[in-house]
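Trainee: Here it is, the structure, as structure tokens.
The numbers here are math on the coordinates, done by the rules we state, and not lab data. As the structure is a computational prediction, the values presented were derived from the model and not from experiment. With ideal geometry, Cβ positions are generated from the backbone for all residues, glycine too; neighbour counts draw on all protein chains shown.
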Amino acid sequence: MSKKIDRRTVVLDQTTRNKNIQHHLNELERDNYAEVPELEIVSGTMTKPRRTVEVDTSQNRKTKARSKKELLRQLSVKRNLNALLEESKIDQFPPNIPTYLTVAAGKSRFPPRKFCSVCGFLANYSCKTCGMKYCSVKCLETHEETRCMKYTV
Amino acid sequence: MSQSNQIKKIYLLSNLFYIVNIFYIFFNRITFIMLENVLVLDNGAYTIKAEYGTAQQPRVIHNCKIARGKGDKKTFIGDQLNSCTDFSGLYYRLPFEKGYLTNWEVEKGVWDRIFSKEVFNCDPKNTNLLITEPCFNLPNIQRTYDEIIFEAYEFQSYFRTTASWLCIQNDTTSLYNDINFSAKPDCILVVDSGYSFTHIIPFVMNRPVLPAIRRINIGGKLLTNHLKEIVSFRYWDMMDQTYVMNEVKESCCYVSQNFLGDLETCRRNTRNNSILREYVLPDFSRNSQGYIREKKCREESYDQSDEQVLYMNNERFTVPEILFNPSDIGMKQAGIPEVIVESINAVLPEMFPFPVNEVDLQGLFYSNIVLVGGNSLFSGYKSRIEKDLRILAPTDFEIRVGMPENPITYAWKGGNNFITMPEFKEKLVTRSEYLEFGYNICIRKFGFGNETDDLSNE
């Protein structure tokens, strides 16, 4: 009982709410819900790195001494898109040159519509605590039991 | 809509060029690279569309490694998925992240498989490769493409471009039902809505207008994941069943023409309305393919409690609706029709070395819109874009939206068309050129994605 009262008194500020929305959007980009069990999927076609290899970006690539094996080993070092974006230095390009970072579409001219986070129909109310929308008392109850404050931790 | 003499002149000129080109192609074919040695490979984030130049249709192959989790340790690479019968709980390993190729280990595994004897029986040393990359590919990723293709596979020669550019190598005029224009239009707007994101790309005279390109960070993957999430929250836990949910999305979802009206229909009676569909989930013992059940059967089959039924109500149209209103899930971006208008307005006459009238230019874009990419297959997608654009665009512009019969393989078809053109030979970078000049030759020849290829910088 006391837990429920605590939850109702906590109000998340706008920054945290935005952060939660962003977190949710990032979740939607995932390939798999659960982590892929790494060991099961290693195929024999690629040389597997024994230890992490530092990629030397300043290396002069015109020297053709590098072997195929070495190339593959370099590539098997996993780098995510953010690391690659940083490495490509496209953020330092002059502003008149369009890049990946500048082509993202801007905000809509129209205000966002509000949908119930539980049933998906139009919603008129938002949760006092987390700001998610709901349409009826019934949906609010479901929301409080399941979703409210679940994303904050 | 009136067209100025200037534009008409350009049309006549391009018409003339077209005819000259046809003759040129005819004489060139004799000395041209043998088409059976050209492999056209549209390297999509979800599927690879590839086949040799002599074929009419590409093969569509999953661009991923898929592993069966828990106990069964089988891995399916690319086309091997066709031999899979149990699609429950598959783990995906995709080479692409947010539309860009980051995981080369997986990609090389898939390519090794499709170049092998079992699939394409490809000998890279005698093969010319035409491959696609995403828009605004990062320079360091492009470099890796070059390295992999020339150093790891040792292809004879290759050309790298974007899928949307290949799309406009098709005869786009045949997509519209009128015969007003026979020549290739000078201005085409491609809306490419794929697995990772949606790009709006205006082309002028076969070249992309880079400052006017726009990206919406919504693609098929996000839609599937969103559907998966709301279904798991409301009905069954499907979080691990990405493959199954993708099939549900493909068979049930549609783009609503009257969103609020449909929503009201669903709300009035949530268990019996004209929109509701009953999707029978596959159980992978008796049926490996889910299907939509006829409503009549409901009472009869009520006793068969082992059939798992998913009720698709407002989920059917609220999911594709995100493409039109990303703000519905809190994304701070505009939807496709609004971004089309934004993109067309961003094409300025100052960007061209020749004088153009801004109004004529915009009119040309509005009347030459091409929809490609897997998301175009949602029913009602095309008419919704037409409808929304009619509201947003100035009233005196004609709006023509065209969609190819198969929007997924359209880029491949364009590529297949392009390899018969003489320009293809000029664009190819051979392995010996690469070994001599390094990746700079690729930057110089391939263009798109680099500032050098922009009309405004000429």
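Trainee: Full-extension gain between A:LYS107 and A:GLU87, please, as 0.36 nm times their residue separation minus the C-alpha to C-alpha distance.
Mentor: Working: separation 20, 0.36 × 20 = 7.20 nm, distance 2.79 nm.
Full extension of this stretch gives 4.4 nm more.
Trainee: For the residue pair B:ASN357 and B:LYS74, what label-to-label distance in nm results when each label sits 7 Å from Cα along the Cα-to-beta-carbon direction?
Mentor: In this crude spin-label approximation the distance works out to 6.5 nm.
Trainee: Anything over 23 Å Cα to Cα? Flag those among B:LYS387/B:LYS413; B:LYS98/B:LYS413; B:LYS221/B:LYS332; A:LYS133/B:LYS249; A:LYS19/A:LYS114; A:LYS19/B:LYS65, in the order listed.
Mentor: Working: B:LYS387/B:LYS413 28 Å; B:LYS98/B:LYS413 25 Å; B:LYS221/B:LYS332 18 Å; A:LYS133/B:LYS249 25 Å; A:LYS19/A:LYS114 18 Å; A:LYS19/B:LYS65 32 Å.
Those over the limit are B:LYS387/B:LYS413; B:LYS98/B:LYS413; A:LYS133/B:LYS249; A:LYS19/B:LYS65.
Trainee: Which residue, B:PHE437, B:GLY89, B:TRP165, has the largest displacement toward the positive end of the dipole of chain B when charges sit on each Cβ (Lys, Arg +1; Asp, Glu -1)?
Mentor: B:GLY89
Trainee: Only four residue types carry charge here, +1 at the Cβ of Lys and Arg and -1 at the Cβ of Asp and Glu. Report the dipole size of segment B:107-232 about the Cα centre in Debye, rounded to the nearest 20. Don't skip to the end; give the middle numbers.
Mentor: On the way: 12 positive and 14 negative charges, 55 e Å.
In debye, rounded to 20, segment B:107-232 gives about 260.
Trainee: Which value, in debye to the nearest 20, describes the size of the charge dipole of chain B about its Cα centre when Lys and Arg Cβ atoms bear +1, Asp and Glu Cβ atoms bear -1, and nothing else is charged? Kindly include the intermediate steps, with their values, before the conclusion.
Mentor: Working: 48 positive and 57 negative charges, 77 e Å.
Once rounded to the nearest 20, the dipole reads 380 debye.
Trainee: Can you compute the FRET efficiency between B:THR420 and A:SER136 using 1/(1 + (r/R0)^6), with r the Cβ-Cβ distance and R0 = 60 Å? Round to the nearest 0.05. Kindly include the intermediate steps, with their values, before the conclusion.
Mentor: Working: r = 62 Å, r/R0 = 1.03.
The formula returns an efficiency of 0.45 here.
Trainee: Just want to confirm a number: the relative contact order over segment B:220-322, from Cα pairs under 8 angstrom separated by 6+ residues, in percent.
Mentor: Details: 117 pairs, mean separation 33.6, N = 103.
Here the relative contact order equals 33 percent.
Trainee: On average, how many beta carbons from a partner chain sit within 10 Å of the beta carbon of a residue in A:105-117? Please list the in-between numbers first.
Mentor: On the way: counts 21, 7, 7, 11, 5, 5, 1, 8, 6, 2, 6, 0, 2.
Mean number of neighbouring Cβ atoms from other chains: 6.
Trainee: Can you tell which of B:HIS199, B:ASN103, B:PHE378 lies farthest toward the positive end of the dipole of chain B, using +1 and -1 charges on the Cβ of basic and acidic side chains (Lys, Arg; Asp, Glu)?
Mentor: B:PHE378
Trainee: Sticking with this one: Please work out the C-alpha center-to-center distance from segment B:309-380 to segment B:38-92 and express it in whole Å.
Mentor: 29
Trainee: Something else now. Scan segment B:352-412 for GluC sites (Glu not before Pro) in coil per DSSP, keeping those whose Cβ has at most 15 other Cβ atoms within 10 Å, and list them by number. Before the final figure, lay out the partial values.
Mentor: Details: sites: B:GLU358, B:GLU386, B:GLU398, B:GLU405; in loops: B:GLU398, B:GLU405.
Qualifying residues, ordered by number: B:GLU398, B:GLU405.
Trainee: Count, for each residue of A:69-80, the Cβ atoms from other chains sitting within 10 Å of its Cβ, then give me the mean as a whole number.
Mentor: On the way: counts 1, 1, 6, 7, 0, 3, 9, 4, 2, 4, 5, 5.
Counting Cβ atoms of other protein chains within 10 Å of each residue's Cβ and averaging gives 4.
Trainee: Multiply the residue separation of B:GLU307 and B:ILE441 by 0.36 nm, subtract the distance between their alpha-carbon atoms, and state the gained length in nm to one decimal.
Mentor: Numbers: separation 134, 0.36 × 134 = 48.24 nm, distance 5.96 nm.
Answer, rounded to one decimal: 42.3 nm.
Trainee: Then there's this: How many Cβ atoms of partner chains, on average, are near each residue of A:21-30 if near means within 10 Å of its Cβ?
Mentor: Values: counts 4, 3, 0, 5, 9, 0, 3, 13, 8, 5.
Whole-number average of other-chain Cβ neighbours for A:21-30 is 5.
Trainee: What share of the DSSP beta bridges in chain B is antiparallel, in percent to the nearest 5?
Mentor: Values: 39 of 56 bridges.
Antiparallel bridges make up about 70 percent of those DSSP assigns within chain B.
Trainee: Could you give me the radius of gyration and the Dmax of segment B:220-322, taking only the C-alpha atoms into account and expressing both in angstrom?
Mentor: Values for segment B:220-322 (Cα only, Rg and Dmax): 13.6, 40 Å.
Trainee: Which peptide among A:127-135, B:195-203 comes first, and what is the full order, when sorted by highest mean count of other Cβ atoms within 10 Å?
Mentor: Working: A:127-135: 19.4, B:195-203: 25.3.
With the highest mean Cβ count within 10 Å placed first, the list reads B:195-203, A:127-135.
Trainee: Diagonalise the Cα gyration tensor of chain B and give the resulting equivalent ellipsoid semi-axes, square root of 5 times each eigenvalue, largest first, whole Å. Present the calculation step by step, with values, prior to reporting the outcome.
Mentor: On the way: eigenvalues 299, 188, 67 Å².
Equivalent-ellipsoid dimensions as semi-axes: 39, 31, 18 Å.
Trainee: Membrane-span-like helices in chain B: DSSP H runs reaching 24 Å or more (Cα, own axis), mean Kyte hydropathy at least -1.0? Each step should come with its number before you reach the end.
Mentor: Working: long enough: B:5-31 (39 Å, 0.69).
Passing helices, by number: B:5-31.
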